[in-house]
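Colleague: Here it is, the structure, as C-alpha cells.
Just so it is clear, none of the values below were taken in a lab; they were calculated from the coordinates. Keep in mind that this is a model prediction, so the values were computed, not measured. Heads up, the Cβs are rebuilt from the backbone with ideal geometry, glycines too, and the neighbour counts pull from every protein chain shown.
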4 protein chains.
Amino acid sequence: MKNGLLAGKRGLVFGAVDERSLAWHTAMRCLEEGAQLVITNIESALALGNVVSLAKENNIPVIACDATDLNDLQHLLEKSQTILGGKLDFILHAVAQSQNLRRHRSYDDVNYNYFLQTVDASALSLHKLLQTAKKMDAIEEWGSVVTITYIASERSQLGYNDMADAKAMLESIVRNFGRIYAEYKHIRVNAISQSPTPTRAADKWNETDYFYEYASHLSPLGLADAEDCANLCVALFSDLTRKVTMQTIYNDGGFSHTLLTPAIVEDGRILKLNEK
Amino acid sequence: MKNGLLAGKRGLVFGAVDERSLAWHTAMRCLEEGAQLVITNIESALALGNVVSLAKENNIPVIACDATDLNDLQHLLEKSQTILGGKLDFILHAVAQSQNLRRHRSYDDVNYNYFLQTVDASALSLHKLLQTAKKMDAIEEWGSVVTITYIASERSQLGYNDMADAKAMLESIVRNFGRIYAEYKHIRVNAISQSPTPTRAADKWNETDYFYEYASHLSPLGLADAEDCANLCVALFSDLTRKVTMQTIYNDGGFSHTLLTPAIVEDGRILKLNEK
Amino acid sequence: MKNGLLAGKRGLVFGAVDERSLAWHTAMRCLEEGAQLVITNIESALALGNVVSLAKENNIPVIACDATDLNDLQHLLEKSQTILGGKLDFILHAVAQSQNLRRHRSYDDVNYNYFLQTVDASALSLHKLLQTAKKMDAIEEWGSVVTITYIASERSQLGYNDMADAKAMLESIVRNFGRIYAEYKHIRVNAISQSPTPTRAADKWNETDYFYEYASHLSPLGLADAEDCANLCVALFSDLTRKVTMQTIYNDGGFSHTLLTPAIVEDGRILKLNEK
Amino acid sequence: MKNGLLAGKRGLVFGAVDERSLAWHTAMRCLEEGAQLVITNIESALALGNVVSLAKENNIPVIACDATDLNDLQHLLEKSQTILGGKLDFILHAVAQSQNLRRHRSYDDVNYNYFLQTVDASALSLHKLLQTAKKMDAIEEWGSVVTITYIASERSQLGYNDMADAKAMLESIVRNFGRIYAEYKHIRVNAISQSPTPTRAADKWNETDYFYEYASHLSPLGLADAEDCANLCVALFSDLTRKVTMQTIYNDGGFSHTLLTPAIVEDGRILKLNEK
C-alpha cells in the first residue's frame, strides 16, 4: 500500500529499537507514504538493538537523544530540522521505561526513585518534547503528534505496575498540551492505545504467552500488531484526521470495549476455572 | 445497621418480585432506615413471585402498575402520595424486560417489535415515570431517584442482547432528566451499575454459573449482592449525597475497572484456555 | 488530495440530502479516493434536497430506502451489490430523525410515539441494516461501517432532546454489533462523534448561531466541518484502520475533551461572547 | 444530622488547613457520626492555617507528617494506631501541591523539578501512604480510603496546569492500589471528583470569581461545597458502600456530565454572564 499520504512531510520518530518495534514499523510505513524521517532513541537503546544498521540500510538519519533531557531534546529538534530542511510535520513518541516493572517489584513494594523515573521517562518525556518544540517553534502548522499508551491506564491490570499510572498521566498530557498546541498552530496531539504487542519492551514483563492468548480471546478482531499500529499512525499523521485531537484512540481489535466473547465462553461453559 | 437515615422520607420502589430481588432488599433496608414505602410492579410480576405476601407481612402497600403506561403511572403517583401523606422523597426504578433475551434470540437475529418493547420497558419507563412525576410535581425538593444498570451498557458482553442497548439509553435518560430535575427542584437522578446478581430476572439469561465465577474472579472485592445494592441505595436516597447526580455509580467490587487479576492468572499461567 | 485509498472498494452511503450533508461530502471524497458508490436515503429526504441531481451529475446511482424498513433494506443491499458488482466494503450510516426535536417538544414533555420513532430511525436503523446485511452476507471480509453520533450521548445538552438518548443507544449498537461482525468476518463498526455542523438537519434545532460560537470557543482546533468528517470517513473505510473497532472517535477539534479555554475566558473575564 | 454511621470507627484525615478545608469539614462530620480521629498535615500547612487550634477545641489529636516522606508516614501510622487503639477504618487523603500552579508558570513553560514535586505531593503521596500502610497492616478489614480529585483530570482546563496530570495519575493509583487492597483485605479506595470549591488551596489559582460562576452555571444542581464533600465522605467511609471501589465519584452537581444548560443559554443567547 503506497498512497503518498505523507508526501513532502517531515517526521521524527522516537523509540525504535529493532525490527519488532512499533516505532520501526511506523518509520517504514511513513517512508513508504513519502515522508522524510529522522529516527531517535536513547544511546543505550540504540546500542541494544539493531535499529542503527536498519536505519542505515534505509538511509534514515539517526540522532541519539535522551528524551528526559532538555538539552538533548533541543539539540535533536535543531538538528532534525536542519537535516529535513524545515519544521516537523509529525512526531511519534514511543517512549516508556519502568525499573519497577523490569525488576519485578510488585506494585505494593515499588521503589519511589524508580517511580519518578518511570514518570519522567514515560510521561514527562512527552511534555518535555512538546514544551521544547513549542519554545523553538519546531512543529509545522497543522502538524500531528502521536504517543503510545495502553488500556491499563484506565483499568487495573496485574503486573503492569507503575507504568499504568504513567500512561494515565501521559494521556492527560496529550489532552492538556493538545489543547495548547491546537490553539497555537492547529497542531494535534493524540494517543494510540495499542493491543498488547510482543515487542522487545513487552518481553520485560510478559513472562508468559498466556496473557497474549487471553487478550486475543477478548479482542473480537484479533490483536493489533506493529503493522496495524504503523498504519494508524499514518492515518493520524496524514491530512485525513485534521480535527482529531486530544484523544486516546484504541487500536486493539475491540479489546477495550469487550466484556465477554464466545472465545472466552467456548462451548457454553466459561473458562472452567476450577476444573484444572 | 439502623441509623435513621431515611427517617420521615417517603419512597416508591419499583421492581420487587421475590425475596431475591434487588428492589425487595432495598425496600427492607429503607424501612429499616425509617422510610415509609409503597411497592409497585406490573400485575404479571406481582403474580409471579411472592412479593405481595412479603409486603403484607411488612405492612407495605402494594400498587400494581405497568411502568410503560402513562395512566398507570399517574394513578400510582397519585395514590402513593395519598397513602404516604405527601410528595415522594425517593424512587427506586428497577425495571427491565427483554423478550429477545428471554427467548434466546441472538443479537444478530432479534425481533424488532421485541426490541422496541425492550426499549419501552427498560429505558423509556424511567422517562415516563419522571415526565409524569414532573407534570404532577410528585417529587419533593432534594429528592432522589435511582435506577439499576449494568456495565454491558459500555462494553459488549456476549448474551446480554438488546438489554445492553437499552441500558445505554437508560443511563442517557439519567443524565438528561437528571439535568432537568436538578434545575427544577434540586432532585437528583443516578444509576447504579450493579454486579451480575443471581436474581430471578438474571435466571433468564445466565444459564450457567460459570459467568458468575468469571465475573467474581474479575471483581477484586467480590461481587456486590442484593444487600450491597440496598445499602448503596440508602446512601443515594439519604441526604449524604445531595450533590451527586447524573451519574452511573459502579456497585461491583471493582469489576468495571479491572483488566486482569491474580485470580484470573492463577499460578502464573493465564486461564489455560487450550488445556481443557 | 487524491491517494487512491479506496481504489476498488464498493461503498454504500446513507443520509445525503444536499451539498451541505456530511454524507454528501463523504460520498464525494470516497469517489475521489477511487471507490464505487451507491447513495441512498428515504424517499421524502430525496425529494426535499437536491441530492438526486447532485448524484446524477457525478454518475452515482441513487436507491430510495427507508432504513427502518427491513424489506427496503434487503432490496437496497441486493440492488447495491448488483450495481457495484460484489459485496460492500464500506457503509456510511448517517441517519437520524426526531419529531420531538423538530416540533420543539421539551424533554420533559415528549410524545412517546415520537420517542420510539426517534429510536427506530436514529438507532435501530443501524441494527436493522447490520442484521439484514449479515443475513445476506452482504459485507466483504475486512469491511468497515461508520455511523455518526454526537457528544450529547455522554453529556446533557439543553435542546438535543430524545436524540441524545438515541445516540447513546446507537453507540451501544456500534459496540455490540461491532463485536459480532469482528468475530464473523473481521468487519469493523465505529461511530464518529462529530462537531456541531450547520447542515440542513441541524437547522431544525439550532435556532441560533450562538451555540456554534460557544462550541467553537470550546474547540481548541476549531469545529470539524463536513469536509473533515469526509476525510475521517475515508481513513476509517481505508485499510489504515483495520484493527480500530467498536469505538466512538471524536472529530470535533478537541471539544469533547475540553473544559475551559482562553477563548472562553477572554481577558480574565469569562464568556462575554455577545459583547464583541 | 447525626446517625452514628461511623460509630466505633477510627479515621485518619490528611489535608485540613483551616475551617474552609474539605478535610476539616469532613473531620467534623466524621466526629459527628461517631468516629475517633487523628488529623495530619505537613508542618508548614499546620503553621499556615488555624487547624491546630480548631483541632484542640474539638479534642482531635494532630500529628505533623510530610506525606511524601516514608518515615513520616510510618511514624504517623504507628502513632495514630496507638492513639486510636487499633487499625484504621478510614483515611481521607486530601493532599495536593503544585509550584508550577502557585507561581503561575504556564503549562507550556513549566519547571520540571516542580512538575516532579507536583507528582510526588499530589499523586505519589497516596501511593506512599497505601504502600506504607500495607507493609504495616495498618488498615482494618473492610476499611475505606478516599482521595480528592477534579474533572480536569479528564478534560483540559486552562490554568489547572500540571495538577491536572497529577490528578489523572492519582485516579490511576486509586484503581491500581484499589485492586490490590480489595484482594488483600476487602479495603476499598475511591476518589471524589469535587466541584471547584473556594478553599484556601483554590485561592492560589482561581484569581477571579468568574470561573466559579461559569462552573456554577454548568452545574444543574449547583456547586458542591465542603459540607457536601464531607457528607459524601461519610457515605464512603460507612458500611453503606462496601462494594464500591476503584472509582472516581463526581460530587459536583452534574458539572461533569453537562454540556449546555438554560443558565448558559439565558434568553436564547449564550453566556452573557457578566451583563447581569
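Colleague: About its Cα centre, how strong a charge dipole does region A:98-161 have in debye, to the nearest 20, once Lys and Arg get +1 and Asp and Glu get -1 at the Cβ?
Modeller: About 220 debye.
Colleague: Would you mind computing, in nm to one decimal, how far apart the modelled labels at B:S53 and D:E78 are, each placed 7 Å from Cα along Cα→Cβ?
Modeller: 6.2
Colleague: Compute the whole-percent fraction of alpha carbon pairs in region A:34-180 spaced more than 22 Å apart.
Modeller: Cα-Cα pairs of region A:34-180 separated by over 22 Å account for 44 percent.
Colleague: A further question follows. If you bin every alpha carbon distance in region D:106-175 into 5 Å steps from zero, what whole percent lands in each bin?
Modeller: Final binned percentages: 4, 15, 24, 21, 15, 9, 6, 4, 1, 0.
Colleague: Please rank D:I180, D:I187, B:I63, fewest neighbouring Cβ atoms within 10 Å first, as an exposure proxy.
Modeller: B:I63, D:I180, D:I187
Colleague: Average partner chain C-beta neighbours within 10 Å, per residue of D:4-15?
Modeller: Mean inter-chain Cβ contacts per residue within 10 Å come to 1.
Colleague: For chain B, which semi-axes, largest first and in whole Å, follow from the square roots of 5 times the eigenvalues of its Cα gyration tensor?
Modeller: The answer is 31, 21, 18 Å, longest axis first.
Colleague: Under the Karplus relation 6.51 cos²θ - 1.76 cosθ + 1.60, θ = phi - 60°, what is the ordered set of whole-Hz ³J(HN,Hα) values for region B:119-131, x standing for Gly and Pro?
Modeller: Values, residue by residue: 4, 5, 6, 9, 10, 4, 4, 5, 4, 4, 4, 6, 5 Hz.
Colleague: Let me ask you something else. Can you grab the distance from the C-alpha centre of region B:232-263 to the C-alpha centre of region C:244-258, Å, no decimals?
Modeller: 26
Colleague: How big is the charge dipole of chain B about its Cα centre, in debye rounded to the nearest 20, if each Lys and Arg gets +1 on its Cβ and each Asp and Glu gets -1 on its Cβ?
Modeller: About 600 debye.
Colleague: Evaluate peptide B:107-120: per residue, the Cβ atoms of other protein chains within 10 Å of its Cβ; return the mean as an integer.
Modeller: 4
Colleague: Near the amide H of D:A16, under 5 Å away, which other amide H atoms are found, from residues 5 or more places off or on another chain, if H is placed in the peptide plane?
Modeller: Those lying under 5 Å, H to H, from D:A16 are D:T40.
Colleague: List the residues, sorted by chain then number, that are 5 or more residues from D:A191 or on another chain and whose placed amide H is less than 5 Å from its amide H.
Modeller: When sequence neighbours closer than 5 places are left aside, the close amide H contacts are D:T147, D:Q247, D:T248, D:I249.
Colleague: Could you grab the Rg to Rh ratio for region D:70-143? Cα atoms only, Kirkwood for Rh.
Modeller: 1.13
Colleague: Provide the per-residue ³J(HN,Hα) series for region C:86-101, in order, calculated from phi with Karplus coefficients 6.51, -1.76, 1.60 and θ = phi - 60°, each as a whole number of Hz, with x at glycine and proline positions.
Modeller: x, 5, 7, 8, 8, 9, 9, 9, 10, 10, 7, 6, 9, 6, 5, 6
Colleague: Can you compute the charge dipole magnitude of region B:1-157 about its Cα centre, using +1 on each Lys and Arg Cβ and -1 on each Asp and Glu Cβ, nothing else charged? Give it in debye, rounded to the nearest 20.
Modeller: Computed about the Cα centre, the dipole is about 120 debye.
Colleague: For the protein assembly as shown, what is the Kirkwood hydrodynamic radius in Å, using each pair of distinct C-alpha atoms?
Modeller: 29.8
Colleague: Okay, next question. What does the helix-only formula give at 222 nm for chain B: each DSSP H stretch with n ≥ 4 adding -39500 (n - 2.57), the total divided by the residues, and the result rounded to the nearest 500 deg cm²/dmol?
Modeller: -12000 deg cm²/dmol
Colleague: Using only the Cα atoms of region A:3-111, construct the convex hull and provide its projected area averaged over every direction, in square nanometres to one decimal.
Modeller: Mean projected area of the Cα convex hull: 7.8 nm².
Colleague: Next question, about the same structure. Please arrange C:Y181, D:Y214 by how many other C-beta atoms lie within 10 Å of their C-beta, fewest to most.
Modeller: D:Y214, C:Y181
Colleague: Next up: Which number comes out as Rg/Rh for region C:113-228 once both Rg and the Kirkwood Rh are worked out on C-alpha atoms?
Modeller: 1.02
Colleague: OK, next. Quick one: order C:I91, A:I83, C:I151 by neighbouring beta-carbon count within 10 Å, fewest to most.
Modeller: Ordered from fewest to most neighbouring Cβ atoms within 10 Å, C:I91, A:I83, C:I151 come out as A:I83, C:I151, C:I91.
Colleague: Turning to a different aspect of this structure: Distances from A:K185 to the same residue in each other copy, label points 7 Å out along Cα→Cβ, in nm, shortest first?
Modeller: Output for A:K185: 4.6, 5.4, 5.7 nm, nearest copy listed first.
Colleague: Give the average, rounded to an integer, of partner chain Cβ atoms located within 10 angstrom of each Cβ in C:211-221.
Modeller: Mean inter-chain Cβ contacts per residue within 10 Å come to 5.
Colleague: Considering region D:164-256, what Rg and Dmax in Å follow from its alpha-carbon atoms?
Modeller: Radius of gyration, then largest Cα-Cα span, for region D:164-256: 14.9, 46 Å.
Colleague: Scanning chain B for GluC sites (Glu not before Pro) in DSSP loops with at most 12 other Cβ atoms within 10 Å, what's the longest stretch left with none?
Modeller: Answer - B:1-206.
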